[in-house]
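The values are calculated or read from the model by the stated rules, or taken from the named source; none is laboratory data. A quick note: this is a predicted structure, and the numbers were derived from the prediction, not measured. Positions of Cβ are generated from backbone atoms using ideal geometry, with glycine treated the same way; all protein chains shown enter the neighbour counts. All accessible areas refer to the heavy atoms of the entire protein, side chains included, with ligands and DNA or RNA removed. Shrake-Rupley method; radii C 1.70, N 1.55, O 1.52, S 1.80 Å.
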Amino acid sequence: MVMGALLAVMTGCFPSSSDLYNEARDVYMSMRSEIAALQLHIFDGEWAVGEYGDVPNGCGADGYNFYVQRGTPLESNWRMSAPTAPDMADELMDWLEGRGWTGIVGRTYAAGVSSVTVEAEKRSSYIDDLLITISSGVENDIVTIRATSTCEAGDRWELRELMFPDNLFDYDVVEREHPTETPKFGMATPAPTASPES
């Protein structure tokens, strides 16, 4: 899809408004479905929302992408299933590989640093970059998931207007969310079928 975005920029061909909205929704929902499966594998409970994810950002010459951030709740006394953070990283890398993720890399740091990270991508689900940070603590362990979608062709400002026709600043902030909840995608009801008024 990144190549498609580049081709669209070179040829000047961009999706119509309804196509832009529907294609962006497909990208977002596919990404969120993969992240939800990962969340459930780690912790079947409500996650803290760092960045909800359905506000399109700019990327490339004239494209958009989405960014999602979730974390295990700090006050839950949650403990990871593995004995140590590196053990959990190894288990997650095996799990990701079994589900078709690629570019999987685990990173450990200097002695005394209790955090490790796992990086991966799954372009078939529009995920360009996944970063999992695993930290062990005295009172609870913490896992943070950050994911950025692939860069897709389309005007992010037009997409924002299509998704948030009444004003982005009226957007409800979600602080907690269970992975099985249906993701929100903007505030347009019903889905737009024409360009927003300029």
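Descriptive notes on the structure:
- Rg then Dmax, both in Å and based on the Cα atoms of region 114-178: 16.6, 47.
- Within region 59-101, backbone nitrogen closer than 15 Å to the virtual label 7 Å beyond the Cα of Y109 toward Cβ: 85-86
- Length gained when the stretch D19-K184 is fully extended (0.36 nm per residue, less Cα-Cα span): 57.6 nm
- Atom-type composition of the exposed protein surface of region 57-122 places 49 percent of the accessible area on carbon and sulfur (1.4 angstrom probe).
- Qualifying trypsin sites (Lys or Arg not before Pro) for region 14-95 [loop in DSSP, other Cβ within 10 Å: at most 16]: R79
- Low-density loop cleavage sites - GluC sites (Glu not before Pro) in region 123-160, where at most 10 other Cβ are within 10 Å (DSSP): E139
- Ellipsoid semi-axes in whole angstrom, largest first, where each is sqrt(5λ) of the Cα gyration tensor of region 65-162: 29, 17, 11
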